[in-house]
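Visitor: Quick one: the structure is below, questions incoming.
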């Protein structure tokens, strides 16, 4: 009796033990089920990586305040400031005056973090490429695409936060180089030379792409393509003052794709703006602002995606919505015949920015909505790079032919379309003016940096601005104005790095010295 | 004998939402009109939607099942040995599916016909414009979501008692879920505890203490873990269910930046206590002393943006919680069963401290924002860090900085916040009190419940220093104290005609030490007065028990701060108002 009872008992123990342990073992599989089919996914396929890079919203904007404010294209002066000081943030003033005291602590700077976010995305793709399923062709395209994103971001960061890359500057502080998604790894700023070595290595990988820009009749410029990568290569080598390489890549890009927007037929006005100025005074009136159609849509991306000239989709972004042109920039245009002036320079745009009582009139440079303008490689930019390189190589006639191709799409037809030049220097001067007319704000900072560091002393630019003194918190409008300058070899060609980076790295990331 | 017990449960929930907008509603007319293209030169209007009703539908399905197994074992071995054990497992599976239909335009509820997009749904390759000339697009695809939650638990407890007096117990438990990880073993949380108790009163030598009915001494040591399911070892992505409207590509974005150093939060706790009962059950209660030591706790740490993100949860904090909990109850018949008094008092005290955490530097805003980013070694985890107001200088309100420095409100402070900010105390009450009394006096019942929290601080409402760029200026009720106040002791209105960074002030004015107040308070939660109708006299009603009662809830709160603000219900929220209930309870 007794023994039987124990046997029953022990078999029940065994059964429950079996039940519990089998539950435990099969559990790993049970718990492997992903919590969601759409969120918090581990990357497993090339389709997922493609989806990551298809999301142009993660990549196309560059909130580069240095490009927006720190050049002679920016027209901020005391007269405009006095018209309505509240229009301008302290950061706007500080970037305009090449500040080195307060900018780092501004806390509003998102360009640095934004570009490193793009770099994280690129590193994520590169890290997962070997682990995911998908065709070799897909993987090759993704690899080139990710390298382009990384090269592009390091290049644009270097153009902003590092001194121009010259023989003398190659040991100056570069950028912390992240080539993996891990938070560990060296955060120190290596010598500038290392940054450029990485950019060139990444560019070489990106150039291996075989994906054409136009697929099925659509220019897929939000992804890397043979024309897009070559467009970036042309920009890169131009910034390095390597004219023969820049010319070769611009030519290759144009050989693949050279569709242009003809301002005579494709450009038109969009929805008017209506502003009442001097309300409550005898001068009260309603003013109509004429905007290009590209201004109409802020969120809807139709017009931006459809802009025919993009080789690779990147835009400069302005958080305060006013690309404020300087008088010098305005004077460069043929006001009667240049359609860029007609459409992109919106007269009385200052009213839209609130300078209405008392009214103060100044134009604004408007491209896409109020805040964005193309900064990635475009057909227009390729023509300008080509023309400039041809001129610098003393191929004057070819250079003029190239630049006039662009002008034909931008000017009313007439004798004024074709530039003529008395010689190489004159041709170069006119081509550089054309470049500034076509690409204000977006390329000017980079251009000044390279002009001041090439063999040609004629194109050098010294920047200066007369403005009020200022403190951390206020523009001191009651004090005497003074002249701020950015001399040719100023160390301020490297903008201050956000203070938060220095703090959160415990000082491993070092600030620029001035 | 082990007693196995199994239980399977399956559940299904369905939710259907249907929104039908009739053709004649403003919503439909407005939608159809404003979505039409209006060519202002020819003055022709082209509709982009059909007339008719607009129908939105979505459906949610939840499938859940649950499987439980438990076996218990209780056995006396001879007279002196007793074993009690329980072991079990539980598995849960919960799947939620959501189906959202695209909006049906031009729908007819009688004929069930639907409209089309006469000019297509818009987008980059066939754009359509609304009446004002802006591009528009219509969504025309279904949206699906599918989530799965799975849980698995395995547990066991065992206790051995000798001579009915000495007990040794232990428990083991693991809880796992389908969180994302490279290492499956990471999913299983470790919990275990060991304990012992001694029924002291049962010892012979205690027999002399006749007034003591019961005395049990307890001791446990335990260990448990916690995992943060919102972070993962690896970077993760989220995909959009619909293709991009403009490019028709599928898109995804990074949803988690990954954290290869992630591990379990671990807490070890020691608990010592005793239960007692005196004087034939007139007084009873318990006392517990505990100490909990947490390590590898997750704290939000700022990291350089070069990592793709500016903050990350890292397992590097250690925290201790030490405290005491007291409970005393009474049950005293004052006059037989006619007049009785039952009362109980709970009191607890907890001291929290971050015992180890290296953070090189604290930005002031991390400290004011609170949360795990404001953990500071040597301080309570819920410390209230405030700026010290220093008056107006050069037209700018200022706070005290390190040494003789001051900061104005127009930029982030520099340096380490700990050097110049004040720690006003903890935001979580270290002392809590609960007091319940009920009296029975013949046919009357009277009871009340009081609760109290003490020893912590809160920030009273500040003036809101509204900015001017909105359409309306809405100052709050604290305007008077700012206008009548001394600018040397309270932040005044802006002193300059133009204050370009006035919008930045909100990083400072809500965090000034003068706003910090004592958060202690006592609440009268409930008062109850009941009267039992004398049943003998109303037997005719056929009821056995009728009670008339008056009950009051949230009657009053005693505050200990000068501002007169309830610390748990900030101004602008709804305070608990006194509620009275008059009622009759009838039992048959």
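Visitor: How high is the FRET efficiency between residue B:209 and residue B:158 when r is their beta carbon distance and R₀ equals 30 Å, given to the nearest 0.05? Display every interim value, and only then the final one.
Guide: On the way: r = 32 Å, r/R0 = 1.07.
Here the calculated transfer efficiency is 0.40.
Visitor: Could you compute how fast chain B diffuses translationally, taking Rh as the Kirkwood radius over C-alpha pairs and applying Stokes-Einstein at 4 °C with viscosity 1.567 mPa s? Give it in µm² per second. Intermediate values should be presented prior to the final figure.
Guide: Values: Rh = 31.7 Å.
D, rounded to a whole number, is 41 µm²/s.
Visitor: Relative contact order for region A:318-387: what is it in percent, counting Cα pairs under 8 Å that are at least 6 residues apart?
Guide: Details: 64 pairs, mean separation 24.9, N = 70.
Once normalised by length, the contact order is 36 percent.
Visitor: Give me the one-decimal nm value for the distance between modelled label points at residue B:141 and residue A:282, 7 Å along each residue's Cα-to-Cβ direction.
Guide: About 6.3 nm, to one decimal.
Visitor: While we're on this one: How much of the DSSP beta bridge set in chain A is antiparallel, as a percent to the nearest 5?
Guide: Values: 26 of 29 bridges.
Counting only bridges with both partners in chain A, antiparallel ones make up about 90 percent.
Visitor: Would you mind checking the tilt of helix A:243-256 against the longest principal axis of the Cα atoms of chain A, expressed as 0 to 90 degrees and rounded to 10?
Guide: 70
Visitor: Order by neighbour count: B:461, B:421, fewest other Cβ atoms within 10 Å first, most last.
Guide: Numbers: B:461 15, B:421 24.
So the ranking, lowest neighbour count to highest, is B:461, B:421.
Visitor: To continue, here is another question. Could you tell me how many degrees, from 0 to 90 and to the nearest 10, lie between the Cα long axis of helix A:111-128 and the main elongation axis, the longest principal axis, of the Cα atoms of chain A?
Guide: On a 0 to 90 degree scale, this one is about 40.
Visitor: From the alpha carbon gyration tensor of region B:518-588, can you work out the equivalent ellipsoid semi-axes (sqrt of 5 times each eigenvalue) and give them in Å, largest to smallest?
Guide: Values: eigenvalues 324, 23, 9 Å².
Square roots of five times the eigenvalues give 40, 11, 7 Å.
Visitor: Starting from the 7 Å offset along Cα-to-Cβ, what nm value, one decimal, do you get for the label separation of residue A:466 and residue A:357?
Guide: Roughly 3.3 nm, to one decimal.
Visitor: Next up: Expressed in nm to one decimal, what extension gain is obtained for the pair residue B:328 and residue B:496 from 0.36 nm per residue of sequence separation less their Cα-Cα distance? Walk me through the numbers before you get to the answer.
Guide: Numbers: separation 168, 0.36 × 168 = 60.48 nm, distance 6.14 nm.
54.3 nm is the gain from fully extending residue B:328 to residue B:496.
Visitor: Another question, if that's okay. Quick check: residue separation of residue A:186 and residue A:306 times 0.36 nm, minus the Cα distance between them. What number comes out in nm? It would help to have the intermediate numbers written out before the result.
Guide: On the way: separation 120, 0.36 × 120 = 43.20 nm, distance 4.14 nm.
Difference between extended and current length: 39.1 nm.
Visitor: Right, something else. Take each of the peptides A:295-306, A:43-54, average the number of other beta-carbon atoms within 10 Å over its residues, and list them starting from the highest. Mind showing how you got there, number by number?
Guide: Details: A:295-306: 19.3, A:43-54: 21.2.
Averaged packing, sorted descending, gives the order A:43-54, A:295-306.
Visitor: Another question about this same structure. Which of rounded, prolate, oblate describes region A:300-406, given a ≥ b ≥ c as roots of the alpha-carbon gyration tensor eigenvalues and a/c under 1.5 marking rounded, otherwise prolate only if a/b is larger than b/c?
Guide: oblate
Visitor: Return B:250, B:511, A:312 ranked ascending by Cβ neighbour count within 10 Å, so the fewest neighbours appear first.
Guide: Working: B:250 18, B:511 22, A:312 27.
Ascending Cβ contact count within 10 Å gives the list B:250, B:511, A:312.
Visitor: What whole number of Å gives the distance from the Cα centroid of region B:1-49 to the Cα centroid of region B:259-336?
Guide: Value for the Cα centre distance between the two parts: 47 Å.
Visitor: Helix A:396-410 against the longest principal axis of chain A: what's the angle in degrees, Cα atoms only, rounded to the nearest 10?
Guide: The angle comes out at about 80 degrees.
Visitor: Here's a follow-up. Along Cα→Cβ, 7 Å out, is where each label goes; now give me the distance between the ones at residue B:335 and residue A:265 in nm to one decimal.
Guide: Between residue B:335 and residue A:265, the label points sit 11.0 nm apart.
Visitor: May I ask you to list the residues of region B:389-431 whose amide nitrogen lies under 14 Å from a point 7 Å from Cα along the Cα→beta-carbon direction of residue A:478?
Guide: Only B:393-396 fall inside the zone, counting backbone N under 14 Å.
Visitor: Express in whole angstrom the spacing between the alpha-carbon centres of region A:181-237 and region B:206-248.
Guide: 45
Visitor: Given the DSSP H assignment, sum -39500 (n - 2.57) over each helix run of at least 4 residues in the protein assembly as shown and divide by its residue total; what's the result at 222 nm in deg cm²/dmol, nearest 500?
Guide: Details: 22 runs with 241 residues, N = 1102.
The per-residue figure over the protein assembly as shown is -6500 deg cm²/dmol.
Visitor: Let me ask something additional. Could you list A:276, B:15 in order of exposure, starting from the residue whose Cβ has the fewest other Cβ atoms within 10 Å? Please list the in-between numbers first.
Guide: Details: A:276 14, B:15 10.
Lowest to highest Cβ neighbour count: B:15, A:276.
Visitor: Can I ask one more? Find the relative contact order for region B:276-359 and round it to a whole percent, using C-alpha pairs within less than 8 Å whose residues are 6+ positions apart. If you can, show how the numbers build up before the last one.
Guide: Details: 168 pairs, mean separation 25.2, N = 84.
Reported as a whole number, the value is 30 percent.
Visitor: Starting from 0 in steps of 20 Å, tell me what percent of the Cα-Cα pairs of the protein assembly as shown lands in each bin.
Guide: Percent of Cα pairs in each bin: 9, 29, 35, 18, 7, 1, 0.
Visitor: Evaluate E = 1/(1 + (r/R0)^6) for residue B:20 and residue B:44, where r is the Cβ-Cβ distance and R0 equals 35 Å; express this FRET efficiency to the nearest 0.05.
Guide: On the way: r = 31 Å, r/R0 = 0.89.
Efficiency, rounded to the nearest 0.05: 0.65.
Visitor: Just need the relative contact order of region A:251-442 here, percent rounded to a whole number, with Cα pairs under 8 Å and 6+ apart. If you can, show how the numbers build up before the last one.
Guide: Values: 321 pairs, mean separation 47.3, N = 192.
For region A:251-442, the relative contact order is 25 percent.
Visitor: Assuming R0 = 56 Å, what is the FRET efficiency of residue B:441 and residue B:11, from their Cβ-Cβ distance, to the nearest 0.05?
Guide: In this case the efficiency is close to 0.70.
Visitor: Could you let me know the centre-to-centre spacing of region A:272-326 and region B:477-506, using Cα atoms, in angstrom?
Guide: Going from one Cα centre to the other spans 35 Å.
Visitor: Can you tell me how region B:219-282 classifies by the Cα gyration tensor, rounded, prolate or oblate, using a/c under 1.5 as the rounded cut? Mind dumping the intermediate values first?
Guide: Details: a/c = 11.37, a/b = 3.10, b/c = 3.66.
Oblate, because a/c is 1.5 or more while a/b does not exceed b/c.
Every read-out reported here was derived from the displayed coordinates using simple, explicitly stated rules and does not represent laboratory data. Bear in mind the structure is a predicted one, so any value in this text is a computation, not a measurement. No Cβ is skipped: glycine too gets one built from the backbone with ideal geometry, and neighbour counts run over all protein chains shown.
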